[in-house]
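In what follows, a structure is listed as structure tokens, so that the remarks can point back to it.
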Amino acid sequence: MNPVPVEIGVIWSLPVTVAVYGILLLVAIWIYRDAKARGSKWPIAWFLATLVFTIIPVLIYLYLHREDGPAGGSDGV
């Protein structure tokens, strides 16, 4: 029996995909927690939008809160 040939691209695609979606999930969780800390009415909407539309909601969220500084009253010390 001949072994099934596997290309190197197939071997690397799974870890790369898991890493990309893992980072996306972490960013979505961060946006959810930050929106909740800021008193947003829709933190779950930000979370879901980030999961579905990836970078666009992240950019919009950062733009909308660019002058607010960190959530939670942290003074950076």
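What follows is calculated from the coordinates using simple rules that are stated; it is not laboratory data. Keep in mind it's a predicted model, so treat the numbers as computed, not measured. Here Cβ is always computed from backbone atoms with ideal geometry, including for glycine, and neighbour counts include all displayed protein chains.
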Checklist line | Gain on full stretching of the segment that runs from R33 to T17 - 0.36 nm per residue minus C-alpha separation | finding: 3.3 nm
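Hey, what number do you get for the chain at 222 nm if only DSSP H runs of n ≥ 4 count, each worth -39500 (n - 2.57), divided across all residues, to the nearest 500?
Numbers: 3 runs with 51 residues, N = 77.
Computed ellipticity for the chain at 222 nm equals -22000 deg cm²/dmol.
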Margin query: Between helix 43-53 and the chain, what is the angle of the helix's C-alpha long axis to the longest principal axis, kept within 0 to 90° and rounded to the nearest 10?
Written below: 30
Next item on the list: Can you tell me the 0 to 90 degree angle between the C-alpha axis of helix 55-64 and the longest principal axis of the chain, rounded to 10?
Entry: 10
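Quick one: which of 36-48, 10-22 comes out on top by average Cβ neighbours within 10 Å, and what's the full order, highest first? List each step's numbers first, then the result.
Numbers: 36-48: 14.2, 10-22: 10.0.
So the peptides 36-48, 10-22, ranked by packing, come out 36-48, 10-22.
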Checklist line | Approximate spin-label separation V6-V52, in nm, with each point projected 7 Å along Cα-to-Cβ | finding: 3.5
Next item on the list: Could you size up the charge dipole of the chain around its Cα centre, putting +1 on the beta carbon of Lys and Arg and -1 on that of Asp and Glu, and report it in debye to the nearest 20?
Entry: 240
Notebook entry, point to check: Do you know the relative contact order of the stretch 28-71, to the nearest whole percent, from alpha carbon pairs under 8 angstrom that are 6+ apart?
Noted result: 36
